[in-house]
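Right, one structure below, let's go through it.
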Amino acid sequence: MRKKKNRIVVGMFWGDEGKAKLVDFLTKYADVVVRYQGGANAGHSVEVDGRRFVLHQVPTGILHPDKICVLGAGMVIDLPKLVEELQSLEDSGIDWRNRVRISPRAHIVLPYHKVIESIMEEQEKIGTTKRGIGPAYRDRAGRIGLRAGDLLLGKNHIIKLLDRWLDIAGKLYEKTFDAEFQSPSDVASVLESSADFLDRAIIDSTKFLDDTARNSGGVLAEGAQGTMLSLNWGTYPFVTSSETTAGGAAEGIGIDLRLFDEIIGIAKAFCTRVGNGPFPTEGDENLQKLLRGTGEHSYDEFGSTTGRPRRCGWLDGVVLEYSTRINGIDAIALTKLDILSKIRPLKIATKYNNFSAIPSTAEEMSIAEPIYEEFSGWDDDISKIREYDKLPDGAKEYISAVEKISKKPVKYIGVGPSRDDLIVKE
């Protein structure tokens, strides 16, 4: 029998739910933390001993000594940015060497991809981070991408693949948009240098992950973004380019999904969204200011990657139920409950007036009319509370509503930005 649980942590809304904080907490009970999709477009923020760490590609487990961190095959990795991130961790006194492993099957974000995404964003206004994520995934599907394992075969091999990319895709963008691309030799030099810095980190870990999950347990799978940004199940086309749901873990890691004991969904106590796209419960200007904050605090609602102010609104119970079902959620972590103190009354959307379920198109989702249930709320500062029973009745009522809508227990409650600002509800 396994000594430790294997878990998946997944965002239930449009990202920025506070996944990193819970992963940081659960890492104590894990041996391996693996990121299964996404790239440098995600920003995971964790506050440890008064210091704020923003991780974009490295799993949150890196902040715990002796934990192995794996960048899975489902990721698209910006190698120079990864080197910067690891160097920053090293400068902060965190030893990452011999602890970070990169799947040789993970695709590489090229400078070419960033050029393309900047062009496409001007055309489509999806609200991307312009980090090259979408074009990198597009090339993966089109079978013209470059993978981490290719970097181990030398500069000439890298140049050959880059030349092929320019012949197939580059010429089209040069002709249509007057795009300019770096020479393959220059790009290959940067990639080769990055691979040298990473030393022996590029290594196939699927057997290691399978053995760990199957025998001792303690594999913690960490997703990026959230369910409503899923390529398949989100508000398409205002989505990311990978599978952000729990189902993406099997593809992005390469182990049997049945080995996972628990899927934990992260739901912020109110909804936020960055960039364009439908957002049924988006609040008016006054509510958004209350929920977002001014930007002076690290926990205010401004993007960790872009710094863009997040759109804010009431909790959407329709999305909550949908996400619970799509992911097969076992338990919920409700984060940033402390932000709702002194906001009265509170509201949760329990249904849409004009749709019986989540619409499949962005056009329909953009005209969804939420019907709200009101809650009395509370005035107390709950940031120092560590026991569920000591929460004010208004907070308990709100948590109970989340449990009623999702039909799942709220197991963890975030009441502040620090790793210790957490209530475990037994």
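None of the figures in this text is laboratory data; all of them are computed from the coordinates on show. Just so you know, these numbers come straight off a predicted model, no measurement behind them. Here Cβ is always computed from backbone atoms with ideal geometry, including for glycine, and neighbour counts include all displayed protein chains.
Worth a mention:
- With a cut-off of 12 Å between beta carbons, the residues surrounding E84 carry a summed charge of -3, where Lys and Arg count +1 and Asp and Glu -1.
- Residue-count net charge about V58 - beta-carbon cut-off 9 Å; Lys, Arg +1, Asp, Glu -1: 0
- Taking amide H as placed 1.01 Å from N in the peptide plane, the amide H of L422 sits under 5 Å from that of V415, each at least 5 places away or on another chain.
- Here the label points at V424 and R344, each 7 Å from Cα along the C-beta direction, are separated by 3.4 nm in the simple model.
- Total formal charge among the other residues, if their Cβ is under 15 angstrom from that of G145, Lys/Arg +1 and Asp/Glu -1: +2
- Segment 214-234 residues near the modelled E251 label - backbone nitrogen below 20 Å, point 7 Å along Cα→Cβ: 221-234
- Candidates L320, I264, G283 compared by Cα position along the dipole of segment 251-330: farthest toward the positive end lies G283, with charges placed on Cβ.
- Most mobile of G18, G134, G328 in a GNM of the chain (Cα contacts under 10 Å): G328
- Dipole magnitude of the chain, debye to nearest 20 (Cβ charges: Lys/Arg +1, Asp/Glu -1, about Cα centre): 940
- Checking the cross-link pairs K114/K155; K384/K425; K342/K407; K289/K384 against a 19 Å limit on the alpha carbon distance flags K114/K155; K342/K407; K289/K384 as lying beyond it.
- Restricting segment 270-304 to GluC sites (Glu not before Pro) in coil, as DSSP defines it, with at most 12 other Cβ within 10 Å: E296
- With Rh defined as the Kirkwood radius, the inverse of the mean 1/r over Cα pairs, the Rg/Rh of the chain is 0.97.
- Vicinal HN-Hα couplings computed from phi for segment 407-415 (Karplus, 6.51 cos²θ - 1.76 cosθ + 1.60; Hz; Gly/Pro x): 6, 9, x, 7, 9, 10, 10, x, 10
- Amide N of segment 45-61 lying under 16 Å from the label point, which is placed 7 angstrom from the Cα of E90 along Cα→Cβ: 58
- Residues K404 and A357, FRET efficiency given R0 of 25 Å [Cβ-Cβ distance, rounded to 0.05]: 0.90
- Couplings 3J(HN,Hα) of segment 244-261, computed from phi: 8, 7, 4, x, x, 5, 4, 5, x, 10, x, 10, 4, 4, 5, 6, 7, 8 Hz, in residue order, whole Hz [Karplus 6.51 cos²θ - 1.76 cosθ + 1.60, θ = phi - 60°; x for Gly and Pro].
- Relative contact order, percent, the chain [alpha-carbon distance under 8 Å, six or more residues apart]: 20
- Along each principal axis, taking the top coordinate minus the bottom one, the Cα set of segment 167-314 gives 54, 51, 32 Å in descending order.
- The charge dipole of segment 267-424, taken about its Cα centre with unit charges on the Cβ atoms of Lys, Arg (+1), Asp and Glu (-1) only, comes to about 340 debye.
- Spin-label model, K5 to K171: label points 7 Å out along the Cα-to-beta-carbon direction sit 5.5 nm apart.
- Members of K3/K81; K5/K390; K207/K268; K4/K411; K5/K81 lying beyond 26 Å, as alpha-carbon distances in this model show: K3/K81; K5/K390; K207/K268; K5/K81
- Listed residues S304, S193, S356, most fluctuating in the chain (Gaussian network, C-alpha, under 10 Å): S356
- Nearest-ten-degree value, helix 111-124 long axis tilted from longest Cα axis of the chain: 50
- Table column - 3J(HN,Hα) (Hz), segment 375-391, Karplus curve with 6.51, -1.76, 1.60, x for Gly and Pro: 10, 5, x, 7, 9, 5, 7, 9, 5, 9, 7, 10, 10, 4, 4, 8, 5
- Cα→Cβ-extended label distance, 7 Å offset, between S298 and Y388, nm: 2.9
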